[in-house]
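As structure tokens, the structure follows; a few thoughts come after it.
The values are calculated or read from the model by the stated rules, or taken from the named source; none is laboratory data. Given the structure is predicted, the values throughout are model-derived calculations rather than measurements. Because the Cβ atoms are built from the backbone with ideal geometry, glycine has one as well, and the counts that use them run over all protein chains shown.
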Amino acid sequence: MGIIWTILIGFVVGLLAKMLTPGKDPSGFFITAAIGIAGSLLATYGGQALGLYSAGEPAGFIGSLVGAIILLVLYHFIVRKSAPRTTS
């Protein structure tokens, strides 16, 4: 049940991270939700690996939000770098 809760929180966090991240967003709804879920999982298991959380304890909402924002900013950076440049 813990993984399902982490995914649900990640979904909400992804949408919130999209609203909080400045700039033009090249991603759609599903990519944003996936990035939020990945950020939530990253915060949960990364925090456990660093000793911030004990095993089985999910990351808090703020930790998940920070993880999702970091991943969303990285995604924006990668998409901008790989986008073809037009010359005018």
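Within 17 Å of I70 (Cβ to Cβ), at pLDDT 70 or above and in contact with a Gly (Cβ under 8 Å, 6 or more places away or on another chain): which single residue out of I9, I31, I37 fits that description? Walk me through it before giving the result.
Details: I9 fails: in contact with a Gly (Cβ under 8 Å, 6 or more places away or on another chain); I31 fails: in contact with a Gly (Cβ under 8 Å, 6 or more places away or on another chain).
Residue meeting the stated conditions: I37.
Being more than 12 Å from the chain's Cα centre (by Cα), in a helix (DSSP H, G or I) and modelled with pLDDT under 75 narrows it down to one residue among K81, K24; which is it?
Values: K24 fails: in a helix (DSSP H, G or I).
Going through K81, K24 in turn, the sole match is K81.
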